[in-house]
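Taking it in order: structure first as structure tokens, then the write-up.
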Amino acid sequence: MRIAELLKANPVTFSFEFFPPKNESAVDLLLARAEQLAKLRPTFVSVTYGAGGTTRDRTRDVVVRLQDAVGLSTAAHLTCVGHSRAELIEILETYLQRGVTNIVALRGDAPNASTGFQPHPDGLTHANELVELIRERFGDKFGVAVAGYPEGHPETPNKITDLDNLKRKVDAGADVVVTQLFFDNHDFYDFCERCELAKIDVPVIAGIMPVQSRKGIMRMAGLCGSRIPAKLLRRLDRAGDNDDEVAKVGIDWATQQCRDLLEHHVRGIHFYTLNRSTTTMEIYRRLGASDSEALAHLAGA
Ligand code: FAD
């Protein structure tokens, strides 16, 4: 089902993001975890698109297997990095042939962070151009999600310009905005209000990443420019080098964020699962929900 239809059918959506594993045995493990997570009945799952060639084919393979073997609604991430327009069209055509009808349309980042993003000579410079390409070439055959940044994209000179650029993506035909991870819900609520003022009138889905390791979160926060609130930092400091304690802090924090988002009638929550199943399952358990339908009830849906 396309994202627009999924949004219509579900007043609150719950989605899980995976990344394509590097080798076949890790793909099997991911599929086993996805089977577990499927019991939570997510609205859809998505698979990221890496900068290297091999993970790109794996994105397609994993998406197709999640759809055909696990029976989940899927969205394939696609970036402009290193691709000509013709290649992007070819990838999109392959997805359609395989029955994958949702794309998370992104610019992507340079494989080497120090060089900054360089478009392919026959390629696209920004994600709004990818959304345009999809709509021009394929009409409504795809559902399209785009990225939003509650704290501003790291390259943006200011949040006003960033929001203008988000509006370009929505005006080009995106159905939904999925946000970058954030740890302070106030940043998300403020972002939603600013979207409303800018007449960005598609649903905004909140991106939640439970902290699973101290090193991992510092790296991610550095890459994404996400602020780690002092309260969370203090709790992580108390957990020290004990990975289990850090993971507990992460689950506590993310559960609290989700509870608050649901009480504020969020339109959807997108879990950055980091290919694990237990963390997301534990958050559902703590929220007293056996699956996504039960979780939606907490938002009054
Ligand atoms: P854009 O929307 O093109 O924005 C990039 C920068 O350019 C911003 O500063 C923006 O303000 C500015 N800008 C946008 N449009 C214009 C314009 N027309 N003119 C001038 N300036 C403009 N990365 C991956 O490599 N693979 C993934 O699978 C992946 N999945 C992601 C999923 C989500 C939900 C999110 C939030 C991010 C994801 N990323 C992924 C990271 C993303 O690729 C990076 O954040 C990247 O730097 C920007 O991508 P974008 O699509 O937001 O780009």
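Quick notes
- Residue check, T79 within 16 Å of the ligand (Cβ to nearest atom) and out of contact with any Gly (no Cβ under 9 Å at 6 or more places or on another chain): no
- Verdict on D122 being more than 12 Å from the ligand (Cβ to nearest atom) and farther than 27 Å from T13 by Cα: yes
- The stretch 43-85: number of residues that are in contact (Cβ under 8 Å) with a residue 60 or more places away in the chain and assigned to a loop (DSSP other than H, G, I, E, B): 3
- Residue match in the stretch 267-278 (condition: out of contact with any strand residue (DSSP E or B) (no Cβ under 8 Å at 6 or more places or on another chain), more than 16 Å from the ligand (Cβ to nearest atom) and assigned to a helix (DSSP H, G or I)): yes
- Checking each residue in the stretch 1-28 for being part of a loop (DSSP other than H, G, I, E, B) and closer than 19 Å to T179 by Cβ picks out N10, P11, V12, F19.
- Residue within the stretch 39-46 that is open to solvent by less than 20 Å² (accessible area, probe 1.4 Å), more than 15 Å from the ligand (Cβ to nearest atom) and aliphatic (A, V, I, L, M) present: yes
- Test set (1) under 30 Å from M1 (Cβ atoms); (2) open to solvent by 80 Å² or more (accessible area, probe 1.4 Å); (3) among the small types (G, A, S) - A113 fails condition number: (1)
- Residue in the stretch 154-166 that is surrounded by 17 or more Cβ atoms within 10 Å (Cβ to Cβ) and either touching a residue at least 60 places away in the same chain (Cβ under 8 Å) or in contact with a Pro (Cβ under 6 Å, 6 or more places away or on another chain) (or both) present: no
- Yes/no for R135 being within 7 Å of the ligand (Cβ to nearest atom), without any contact (Cβ under 8 Å) to a residue 60 or more places away in the chain and open to solvent by less than 60 Å² (accessible area, probe 1.4 Å): no
- Hits in the stretch 214-251 (condition: in contact with a helix residue (DSSP H, G or I) (Cβ under 6 Å, 6 or more places away or on another chain) and open to solvent by 10 Å² or more (accessible area, probe 1.4 Å)): R214, I228, R235, A239, E245, V249, I251
The values are calculated or read from the model by the stated rules, or taken from the named source; none is laboratory data. The structure displayed is predicted, hence computed values, not measured ones. Note: ideal-geometry Cβ built from the backbone for every residue, glycine included; neighbour counts use all protein chains shown. Ligands, DNA and RNA are excluded from the accessible area calculation, which covers all protein heavy atoms including side chains. Shrake-Rupley method; radii C 1.70, N 1.55, O 1.52, S 1.80 Å.
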